Structures are given as structure tokens and as C-alpha cells.
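The values are calculated or read from the model by the stated rules, or taken from the named source; none is laboratory data. Bear in mind the structure is a predicted one, so any value in this text is a computation, not a measurement. Cβ coordinates were reconstructed from backbone atoms using ideal geometry, including for glycine residues, and neighbour counts include every protein chain displayed. SASA here: full protein model, heavy atoms, side chains in, ligands and nucleic acids out. Shrake-Rupley method; radii C 1.70, N 1.55, O 1.52, S 1.80 Å.
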Amino acid sequence: MSAIIEIDHLSKRYGSGTAALNGVSLKINEGEILALLGPNGAGKTTMISIICGLVTPTGGTVRVGGHDIRTDWRAARKLIGLVPQEIALEPFEKVIDCVRFTRGLYGAGPDEAYIEKLLRSLALWDKRDARTRELSGGMKRRVLIAKALSHRPKVLFLDEPTAGVDVALRREMWSVVRDLSADGVTIILTTHYLEEAEDMADRIGVINRGELLLVKPKAELMGEFGKKHLTIDLYEPLSELPHSLAERGLTLSKDGLTLGYDYDTRADRTGIARLLGDLTQHGIAVRDVATKQSNLEEIFMSLVADKPEEATA
Amino acid sequence: MNWHSVRAVYHHEMARFFRTIWQSLASPVLSTVLYFVVFGAAIGGRIQSVEGVAYGAFIVPGLMMLTVLQQSVSNASFGIYFPKFSGTIYEYLVAPTGWIEVTLGFVGAAASKAVLIAMVILLTSFWFNGVHIAHPVWMMAFLFLTAIAFSLLGFIIGLWAKSFEQLQIVPMMVITPLVFLGGAFYSASMLPPFWEGVAKLNPVLYLISGFRWAFFDLADVPVGMSLVAVALMIVVCMAAIRWIFLTGWRLRE
Ligand SMILES: Nc1ncnc2c1ncn2[C@@H]1O[C@H](COP(=O)(O)OP(=O)(O)O)[C@@H](O)[C@H]1O
Ligand SMILES: [Mg+2]
């Protein structure tokens, strides 16, 4: 896989003195879905805004498709589409005119067939003659996506695409993103909804206080940081947990019918086999076992908590 | 230079104008008719003529200029301020489009609207009093150049403005006084020598004078000076806009 975006020691200090990015380096592969995960104020929007040309960096470089965003900005920006965090549309404009306008602004000639295909794929074709102010929030977001894709970019930035939308709309957005990805568009999305990153991304970058804490394929991240929780259902309720079992961290539910056990998938020996053996020895009959992976929220919390508080100089 | 970009911005701006074509035309035409009635008919009845031109006809170029200046500035400043206000400005900044394309689109549209409205006023004035145009080609040239120069100025005002109040204060406090003091309704030669000298410091006087020359062959200053004034203004404004876009002043963080 080749990198379509190369970010090298990117920094931004705003006029107000806020250091929003501190030397972030990152390579984004062509065709992947990368989720940038981080709390509010982490610097996600700043990073995207620099790549797209809305914010001037104070240090570092970015290349998009090999083109430097400062010196070769026309070529770099032709490859990029941006869906901003805040919905901004001209209220009295028709949907289809909005999309045509953006395509023209990006310097591309008219292509009605492509615009029809685009609007259909985003379920906006029936609304093409509606004024944007008549649309629901989810539709407005899709109009922004259609605009961002109107010039056929290779990279799409989605800044918090599902912030403040309900579950149904969020799922709809995810399916749109998957379809785009299937078409070969590289997608960078930011989110603080952790299940979103978990469900969508190929790779996840965790960003906090202007620093990229890590970037990992999702599976690897889950594996490395994932604690698993083992649940053991019993046939007969236990009134008390045998001392030797309690010592190993096993817990008993109130009704005495379920045992719980947390273990680390990174450990050489998880101890599950011995645990089950011990249960048999104590004459405890096991009915069922289940394991559950901890979600990104827990992973994220542990990462951010591990990071020592740095002097905010 | 990408003409698709210029055309997209131009069409987008003109579409807004044509969506509200009647409001866009009604207000300038109405105020011009009022000027004709008050200055042309009421006062003109006493002044008779200025340098051989009936007063009602004499004020036509000045009125057209007043409208062109006001319309150019307000169209262009509103045109670029509105996306700043609604947040859609981000598109202009992330597009692979240079300042020159964006400026040509906005300014071209603002100037076109202003010229259109000025032409409607000219037609109205034909109906009030038969105006004779000595140099029609020069008249159109001055009209376009002035519209472009002041649309550029309006574009700068729109880029600079941070609120609707700021957007309106410059046209009100600067443009309108300059037009009135620039000889829209009188000839500078009617002023005492000292004030004639002061009036000639006003750049708008050169524009109105050149424009009036195109109508009546009468000018307060040499026509060449008028051309230089408008060309100078275009160059200075273009340079300022280029600087704004390249440095990102009030556009980029
Ligand atoms: N225009 C700005 N001027 C000054 N500070 C800003 C500006 N935009 C963002 N910041 C600051 O930069 C930091 C990162 O913000 P942002 O990139 O918006 O984070 P995120 O998108 O991850 O929520 C925050 O501390 C924020 O207050
Ligand atoms: Mg943000």
C-alpha cells in the first residue's frame, strides 16, 4: 500500500497562543478508512483544516498524492474533498445547484451524469430541487458529502460526520462511508464516538492535546489493549466462592449463578484452562462460557490516563 | 487560470440576483425617479441649465454614477460577506482555485448587476428627458470600468467586515458623501476656486467628470485623468485583494 497523505512533524500554534498540534507525523494509505479518535479540543479539526488549506501550519509539511500543500496546492487540493464539522449551506440554494457549483468552483467542467449518479447514491436525487433549508440535518450532511465528492476526489475528510445525529442516521452515514470506501476513496474521519471508530475504521489514530498517541490497525489495537472478560454460567448457585478461586480474581454475581473473570489477551498465559480445571475440582458444574472484548472506549480511557499530565507550557 | 471556477462563482452570484430581480431593480429605480423629480423637475425649474445642458439632463450621469457606485460596493461586499456569515466560505478556501478566479467571479457578477441597473436608470431618464449621449462607446467603457473598480473596493470591504454593521458603514459614511461631493449634481467649476481645488482631491470627481464628458462633451478634469484615476483604483484594489488572499488576512487562521 502506498501513502496518499504524508504528514511530517506538523505543528500549529494559533494566534491566541493555543498549541493545537505538536509535531504530528502520520502516513495515510491509499484506500483505507482512518479514524482519528480524540476528545474535544484534541486537535482533530486543526489537523484536517491544515491539510485542506483552511489553516496555515506553523511547522512541518504535508504532501497529498506527492504534492506539497503549500507549494503545489492546486494539485494537492484537486485530490481532496472536505465535509466540515459544522453544517454550512446557502439556505435558498437548490440541492443540485449546490453540487454543480462546487464542482465548477473546483475547476471541473459540467458532468450531469456523474452528478445524478452521486445524488442517487446519497439518496438525494428525489430532493434535487429542494432548497437546502427545507432539508433535515441528515440530508444536509449528505448534501455536504455530495458537494465534497462533486469533483471526484481521491481523499475524503469527514469531520465528525455523526456528531449530534440519532442512531438511525449514524448507521445510514456509516453505510454511505462504506460504499465510498468500496469505490476506492480514501477516507479520514474524526470522531469522539468510539463505537464509530471501532465499527468503521481500518486503522485508528488516537489524538490528544495535539499529539498523536498511536496509530494502529484496529484489530491490533483491540488485541494489544483489549482486556477480555470471561463470563461463566453455572448450573447450581454458589453461596460462596472458594477462597483459592477468589484469590485469582474471580468474582461471583449476587444470585450466585455467574462467575466473572478479567484477563489480558497480551499475557502469555491467560490462565483460563487452569481456572476451568479448578472449577471441576471444586465440583462446580459449568453451564456456559462467554468472552467479551472491551470496547475502544475503555481502551481509549486507559491510553489517555496512562499519559502523564504534561506541563501545559 | 481556470475558467470553470470563474464561471461557477459568476453564475452562482448572478443566480442570487435573478432570484430577487424585482427587489434588486425596484429600489434603485424608485430612488432615481425621486431624484429626477426633486432635483430635475423641482430644482431644475430654477437652475435652467449648466454650461448649456438642461439641469434635468445634466444630473443623469451623476445619478447613474451614484447608483453604480452604491450597487457595485454593496453587491460585491455582500456577495463575499454572506459566505463568511453562513460559513460556506470554507469552500472557496479549500478549492484548488486561486484568488484571481474567485475575485473575477464575484467582482464580475457585482459589476454586471450594477451596470444592468444603471442601464435601467438610463432608460428611465430617456423617458423623463431626452438625454443625448455624445460618446456612447466611452460612456459604456467608463460605466464598466467604474463598476469594476468599485466592485473590487466592495469586495475588499466584504473581506474586511466582521459584522453587518461594518458592511454597511463604509458605503454610508464614505461612498455616498464622495459621490455627492464629487459633482453628481453640479459642476466643480460652479464652486469657488478654493473648494474647486478641494473637490479635485476626491477620486470620485474624476469618474463622474469622465462619465459626464461621454454624455455631453463637458468635463471638470481632462478625460485622460479620469481614465488614469479609474485604472489606478483597479490596480490598487487588485493588489490589495491579492495580498489578502495570499496572507489569509481575515480568511485563514
Ligand atoms: N480558530 C482558533 N483560534 C484559536 N484556537 C483554536 C482555534 N480553533 C481551535 N482552537 C483550539 O485548538 C485546540 C484544538 O481544537 P480543534 O482542532 O478544534 O480540536 P478537535 O477538533 O479535536 O475538537 C483547542 O484547544 C481549541 O480551543
Ligand atoms: Mg473538531
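Odds and ends about this structure:
- Number of positions in segment A:34-53 that are closer than 16 Å to residue A:80 by Cβ and either more than 12 Å from ligand 2 (Cβ to nearest atom) or outside the structural domain of residue A:187 (by TED's automatic domain parsing) (or both): 5
- The set of residues in segment A:252-294 being in contact with a strand residue (DSSP E or B) (Cβ under 8 Å, 6 or more places away or on another chain), open to solvent by 60 Å² or more (accessible area, probe 1.4 Å) and within 27 Å of residue A:197 (Cα to Cα) consists of A:262, A:291, A:292, A:293.
- Screening segment A:166-189 for residues that are open to solvent by 30 Å² or more (accessible area, probe 1.4 Å) and assigned to a loop (DSSP other than H, G, I, E, B) and picking the one that is nearest to ligand 2 (Cβ to nearest atom) gives A:166.
- Pairing each residue of segment A:38-51 that is more than 11 Å from residue A:210 (Cα to Cα) with any residue that is within 8 Å of ligand 2 (Cβ to nearest atom), provided the two are 6+ apart or on different chains, yields C-beta distances under 7 Å for A:48/A:159; A:48/A:190.
- Meets criteria (assigned by TED's automatic domain parsing to the domain that holds residue A:201, within 16 Å of ligand 2 (Cβ to nearest atom) and open to solvent by 20 Å² or more (accessible area, probe 1.4 Å)) for residue A:89: no
- Within segment B:146-190, tally of residues that are within 14 Å of residue B:82 (Cβ to Cβ) and surrounded by 20 or more Cβ atoms within 10 Å (Cβ to Cβ): 7
- Some residue of segment A:55-71 being within 16 Å of ligand 2 (Cβ to nearest atom) and buried (at least 23 other Cβ atoms within 10 Å of the Cβ): no
- Among the residues of segment A:193-210, those that are at negative phi and either within 16 Å of ligand 2 (Cβ to nearest atom) or open to solvent by less than 40 Å² (accessible area, probe 1.4 Å) (or both) comprise A:193, A:194, A:196, A:197, A:200, A:201, A:204, A:205, A:206, A:207, A:208.
- Where helices (runs of 4 or more DSSP H) sit wholly within segment B:153-245, none has at least 3 residues that are more than 24 Å from residue B:44 (Cβ to Cβ) and among the charged types (D, E, K, R).
- Verdict on residue A:108 being open to solvent by less than 30 Å² (accessible area, probe 1.4 Å), in a helix (DSSP H, G or I), more than 16 Å from ligand 2 (Cβ to nearest atom) and within 10 Å of chain B (Cβ to nearest Cβ): no
- Of the residues making up segment A:74-104, those that are within 20 Å of residue B:100 (Cβ to Cβ), facing chain B (nearest Cβ under 7 Å) and under 29 Å from the mean Cα position of the chain (by Cα) are A:74, A:77, A:78, A:102.
- Residue list for segment A:190-233, restricted to those being in a helix (DSSP H, G or I) and within 16 Å of ligand 1 (Cβ to nearest atom): A:194, A:196, A:197
- Among residues of segment B:93-106, those that are in a helix (DSSP H, G or I) and open to solvent by less than 10 Å² (accessible area, probe 1.4 Å), counted: 7
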